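One structure is given below, encoded as C-alpha cells.
The values are calculated or read from the model by the stated rules, or taken from the named source; none is laboratory data. Just so you know, these numbers come straight off a predicted model, no measurement behind them. Virtual Cβ from ideal backbone geometry, glycine too; neighbours counted across all protein chains shown. Accessible surface is based on the protein model in full, side chains and every heavy atom, while ligands, DNA and RNA are left aside. Shrake-Rupley method; radii C 1.70, N 1.55, O 1.52, S 1.80 Å.
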Amino acid sequence: VQSPVRAEGGAMATRVCWAATALVLSVAAGLSTADVPQGSPRTAAPPTTVETFLFTPDLVDVAGSVNVERGVGRGVKDPAAVLTPEHPWETSLFFFHSVLEVNNSVWLYYGTWTDEGAYVCVATSTDHGATFTKPSLGITPFRNSTQNNIVLVLTTGSALVTFGAVFEDTRTGVDPSGRFKMTSEHGGNTGMDLWQSPDGLHWTLLRPQALPSWFADTQPVVYYDPRTLEYRAYGRLHAGTPPGSGSPRPCPGAGAVMRQIGFARTSDPAMANWSNVTEIFGFEGLPECVDVYNSAAVQVHNAYFIVPSEYRHFPSAFSHAAATTNDGVLDVRLAVSSDGLAYDYVSEETFVERGVGDLDPHATGDGWHYTGDWDSGVLFAARGYVETTSHLHLFYWGTQRTHGDYPRIYAYPNASTGIGRLTFRKHGWFSYNSVGSATAKLVVGPVTLPPLPSSGTQGAAPALAVKLNLQSSVRGVVRLGLLDPATGQPFAGYDANSSTPLVAQNSLSASIQWLPARQQQGGGVKRARLGPGQSVKLSFEFTYTKLFSFELEWLTSARDA
C-alpha cells in the first residue's frame, strides 16, 4: 500500500511500511529455571479501558489531511557496542539476534559460529540493555566445560546454521512447556526449524522443517498475533525461485538482485499446517543494485512493523572480499502496515544509519573493511524491542566489514563487530509532522471509544480525554476536534476551537479535553453525549509539531459540562 506523496497545495506526504510485535515476558530477572513462571496455561486478559493507537495507514484519512508528512523516528546510538565477542565460542558473532523484555531484565539471544559448531547464546541486562552480562549457565558443553552462556547447539563442525529469533508464545491456553519458541535454519538451508522451551534456557525441537527451503536463510521470525489469533512467520524468498515472485534483476558487474520477504500463517495450536508462503515485500522501486534482507518483524499496539536491511551490491571488480559477487554494505529501514501483510516504507529516510567510516578500495584480505566507527559497514536490526515508561530501545548488529567476507570475516580481530543500542522516545517508531508554518490537519479514524473503567463511575459522568504523545517546538500549538464519522462534522461541543490547546509541549501523555459548555464560544452549547463503543474521528490541527501516538481514556472525576 502506498499513500500519496505530498504535492503542491499541502496534500499528503510519504509512504508507509512496517510490521511489529510486542514481546513482554512475565519472567523474573535472572536465568534460573526456578525464576521462570510455571504452572497453569496463559489465560485471556480483561478488556482494556485505555486504547493506544499509532498512526497506521488504515487510520489516516489521506483525503482529509493537509500539510503533513510522515517521518521515521530518530534514535540516539549508544557511543559503543553494548555486546562484543570475547569467548572462544564467539569466534564469529553472527548477523541475527533478538531481545525479550523479561520483567526487570532484558534477555538478548544471539548466534555465534566457530569451526567447532554454531551456537545460540543469551546475555542479560538490568539497565534496559545499556550493559549486558554473559552468565555461566552450566547447560551446554563447549570444549568439555559447561561454564558458558550457550543455550543451544545448532550444529557441530564447521558448517554454518543460522539462528533466527526467540519469542514468548502469548496464545491463550499455550502449554507451559512451550512458553518460549525459537526459530532456526534447518541444516543445509533446507527449511525452518521450530524449538520450544519452558524457561527460555532449555530447548527441544518442536517441529523440524516447518517451512520450506530458503525461508530460514535470513533470520526467520515467528510470533503469535492476538488480533488475528494466529501464528505469523516472516522469512526470505528469492525472486524467480518459487514461492518467490517475479524475476531477479540484473546488477551490472555483480550478482543479481533477488532477495524478498515472505509470509506464512497458521491458526494450528501445534504450529503445523502452515499456509503457502507468499511474497509480501520486495525490491520493487529500489535502485537497480539494492534489495531487501531480513524482516525483524514485530507488532506494536495497532501497528505491524518490519525493519529490513537494504543491501547495496558492489560491482565484482570493485570488491576485494572473499565473495566478490556477493559483496556490499547494508543499512536499516522502517516499514509499517495495518494488517501485517501490506507494508510500505514510512519514508525514504534511513532508520538506522551506518557509522562514519572509509573503505580503502585497494585493500585486500584482512584489510578489506571500513575504518572509523565500529558500525560503518553492515547493519542488521534485532528482532524485538525494550520499552520503558518513557523510552523505546532497539538493538542492531553492526560491523566494519562488508557483506562479501561472510561468515568468517566477522571474527577478524582488526575490524570491529558487535551489537549496538538505539534510544527513542516511547512509541517513537515514526511520526506525522507539520510542514512549514501553515496549520497542519491530520484526520484519523474512525476509532471506537473504549469501555468505562470498572470503578469510580458512580455519581460521576465520565469525560473523554485524548492523551497525545507529541513533540512541539516553542512555536507549536495543537488542537483537536472530534468528528461524527457519518457527517464529517464536529460533535456539538467537541470542535477544535473548544479544545484545550497544547502549547509548546514535548510530552508522552499531554491531555486534551474540551471546555465546559458555558466557557465555549457563544456559551450554552449543549455538548453531545459520547459513550463507550461509539465511533469517532479525530481531527488534529497543529503547527511546528510531530505526532507519535494517542490514547483514549475516560476520566470519571470530571463534571459533565
Look through the range 56-90, keep the residues that are open to solvent by less than 30 Å² (accessible area, probe 1.4 Å) and among the hydroxyl-bearing types (S, T, Y), and return whichever of them is nearest to D339 (Cα to Cα). T56
Would you check which residues across the range 142-193 are aliphatic (A, V, I, L, M), part of a loop (DSSP other than H, G, I, E, B) and buried (at least 21 other Cβ atoms within 10 Å of the Cβ) and list them? V161
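Quick grid of which residues meet (1) at pLDDT 95 or above; (2) surrounded by fewer than 18 Cβ atoms within 10 Å (Cβ to Cβ):
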{"site": "T439", "(1), (2)": "yes, yes"}
{"site": "P450", "(1), (2)": "no, no"}
{"site": "A460", "(1), (2)": "no, yes"}
{"site": "L464", "(1), (2)": "no, no"}
{"site": "L468", "(1), (2)": "yes, no"}
{"site": "Q471", "(1), (2)": "yes, no"}
{"site": "R475", "(1), (2)": "yes, yes"}
Looking at this structure, is I261 open to solvent by less than 20 Å² (accessible area, probe 1.4 Å) and either modelled with pLDDT of 95 or more or within 30 Å of P208 (Cβ to Cβ) (or both)? yes
Residues of the range 194-207 being open to solvent by 10 Å² or more (accessible area, probe 1.4 Å) and of a type in the set (S, T, N, Q), in sequence order, are Q196, T204
Residue that is open to solvent by 60 Å² or more (accessible area, probe 1.4 Å), farther than 22 Å from V443 by Cβ and modelled with pLDDT of 90 or more, where the choices are N506, N497: N506
Which members of the range 112-129 meet the condition of being modelled with pLDDT of 95 or more and open to solvent by 40 Å² or more (accessible area, probe 1.4 Å)? T126, D127, H128
Can you pull out the residues in the range 316-359 that are in contact with a Gly (Cβ under 7 Å, 6 or more places away or on another chain), over 30 Å from I280 (Cβ atoms) and modelled with pLDDT under 95? S316, A317, S319, A321, A322, T324
Residues that are within 17 Å of the chain's Cα centre (by Cα), at least 3 per element: which strands (runs of 3 or more DSSP E) completely within the range 308-371 meet that? 335-337
Among the residues of the range 239-252, are any surrounded by 15 or more Cβ atoms within 10 Å (Cβ to Cβ), under 30 Å from D175 (Cα atoms) and in contact with a Lys or Arg (Cβ under 8 Å, 6 or more places away or on another chain)? no
Restricting attention to the range 215-228, which residues are surrounded by fewer than 22 Cβ atoms within 10 Å (Cβ to Cβ) and farther than 23 Å from V102 by Cα? D217, T228
Restricted to the range 322-370, and to residues that are over 14 Å from V307 (Cα atoms) and of a type in the set (V, I, T), which residue is surrounded by the fewest Cβ atoms within 10 Å (Cβ to Cβ)? T364
Please go through (1) farther than 18 Å from L379 by Cα; (2) touching a helix residue (DSSP H, G or I) at 6+ places or on another chain (Cβ under 7 Å) for A321 and return the number of the only condition it doesn't satisfy. (1)
Checking A210 against (1) crowded, with 23+ Cβ neighbours inside 10 Å; (2) part of a loop (DSSP other than H, G, I, E, B), which single condition isn't satisfied? (2)
On the given criteria, is F283 under 17 Å from the mean Cα position of the chain (by Cα), open to solvent by less than 20 Å² (accessible area, probe 1.4 Å) and not small (G, A, S)? no
Take the residues in the range 130-141 that are over 20 Å from the mean Cα position of the chain (by Cα) and not polar (S, T, N, Q), then tell me which one is surrounded by the fewest Cβ atoms within 10 Å (Cβ to Cβ). G138
Pairs only if they're at least six apart or on different chains, beta carbon under 6 angstrom, first in the range 482-502 and touching a residue at least 40 places away in the same chain (Cβ under 8 Å), second surrounded by 20 or more Cβ atoms within 10 Å (Cβ to Cβ) and among the β-branched types (V, I, T); list them, first residue then second. L482/V536
